[in-house]
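The values are calculated or read from the model by the stated rules, or taken from the named source; none is laboratory data. Not measured: the values here are computed from a predicted model. Every residue, glycine among them, receives a Cβ derived from its backbone with ideal geometry; neighbour counts consider all protein chains shown.
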């Protein structure tokens, strides 16, 4: 999976990384700029997604599509598709360019809109990556957790960097008897929840 990343995908990953770095350096407001995970977290979620049980692969918070590319690698490996949700029209436009340039439109379904309005049609989630607005994490968690298949994984980004803002969701997940959960203190921190059962 990591040893044969297509050249077009790798090139688009590099472009997005450079754009993200430039936007940060220019001081673009957080809500407007692309926000993306570092490549190490990309590999991390790709490995988890590739090993997740059968079920829908979902991403909440597409941004420019960088993390989606890593999930697309896992989906190619396992014969699945990833459905990714983004509410910003500007970011949807960048993501569409990303998926076309990287040649992953066959395994990526991009939905412009609030995931909460579309999750009803996605029962049976095997893997979910949550990287949306921090104030919405709890409501997204509550929407996804009951839709996880037994053994299904939900991974939420920024569990350490934004620990204070995410405290209500973290407390809920870590005490939720439907899942086994822990925070992995790697880079920005990842909350990992596994739906209990077989």
**Top-ranked residue in the stretch 74-98 [being surrounded by 24 or more Cβ atoms within 10 Å (Cβ to Cβ) and more than 20 Å from residue 136 (Cα to Cα); ranked as farthest from the chain's Cα centre (by Cα)]** = 98
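Kindly establish whether residue 56 is in contact with a helix residue (DSSP H, G or I) (Cβ under 6 Å, 6 or more places away or on another chain) and at pLDDT 95 or above.
No; evaluated as a whole, the condition is false for this residue.
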**Message:** With the requirement that a residue be surrounded by 13 or more Cβ atoms within 10 Å (Cβ to Cβ), within 18 Å of the chain's Cα centre (by Cα) and at pLDDT below 90, what does the stretch 2-41 give you?
**Reply:** 17, 20, 33, 34, 35, 36
**Message:** What's the total number of residues in the stretch 108-139 that are over 10 Å from residue 58 (Cβ atoms) and in contact with a helix residue (DSSP H, G or I) (Cβ under 8 Å, 6 or more places away or on another chain)?
**Reply:** 13
**Item:** Conditions (1) crowded, with 19+ Cβ neighbours inside 10 Å; (2) closer than 20 Å to residue 58 by Cβ; (3) touching a helix residue (DSSP H, G or I) at 6+ places or on another chain (Cβ under 8 Å); number of the one not met by residue 152
**Value:** (3)
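This table checks each residue for (1) in contact with a strand residue (DSSP E or B) (Cβ under 7 Å, 6 or more places away or on another chain); (2) without any contact (Cβ under 8 Å) to a residue 12 or more places away in the chain; (3) over 12 Å from residue 129 (Cα atoms).
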residue: 35; (1), (2), (3): no, no, yes
residue: 45; (1), (2), (3): yes, no, no
residue: 50; (1), (2), (3): no, no, yes
residue: 66; (1), (2), (3): no, no, yes
residue: 75; (1), (2), (3): yes, no, yes
residue: 93; (1), (2), (3): no, yes, yes
